[in-house]
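**Student:** Just dropping this structure here.
The numbers here are math on the coordinates, done by the rules we state, and not lab data. Predicted model only: the values in this text are computed from it and were never measured. Here the Cβ positions follow ideal geometry from the backbone for every residue, glycine too, while neighbour counts run over all protein chains shown.
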């Protein structure tokens, strides 16, 4: 599977980084890198996430407060 990020997903990553950077700018960068690395791991293990709440999707918990929603193709 090839991992493709939507414009909305990339925008949301930026918003997450901005929010975290209000308190810890260095952590914001590493946190987003961790999210991207975990999500990019779906290329090799597309069934790693759980079945999604929306039909046809899956969800990968990348942090206790953040979920990556994706579709396998």
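**Student:** Given a Förster radius of 35 Å and the C-beta distance between residue 1 and residue 22 as r, what FRET efficiency does 1/(1 + (r/R0)^6) yield to the nearest 0.05? List each step's numbers first, then the result.
**Tutor:** Values: r = 34 Å, r/R0 = 0.98.
After rounding to 0.05, the efficiency reads 0.50.
**Student:** Can you give me the C-alpha center-to-center distance between segment 18-43 and segment 45-71, rounded to a whole angstrom?
**Tutor:** If you average the Cα positions of each part, the centres end up 17 Å apart.
**Student:** With angles folded into 0 to 90 degrees, how steeply does helix 25-40 sit against the dominant principal axis of the chain? Use alpha carbons for both and round to 10.
**Tutor:** 10
**Student:** For Rg and Dmax of the Cα atoms in Å, several values are listed as [x] 13.7, 42; [y] 12.6, 38; [z] 14.3, 43; flag the one computed from this structure.
**Tutor:** So the structure-derived entry is [y].
**Student:** Give the relative contact order (percent, whole number) for the chain; include only Cα pairs under 8 Å separated by 6+ residues.
**Tutor:** That works out to 24 percent.
**Student:** By how many degrees, 0 to 90 and rounded to 10, does the Cα axis of helix 7-21 deviate from the longest principal axis of the chain?
**Tutor:** 30
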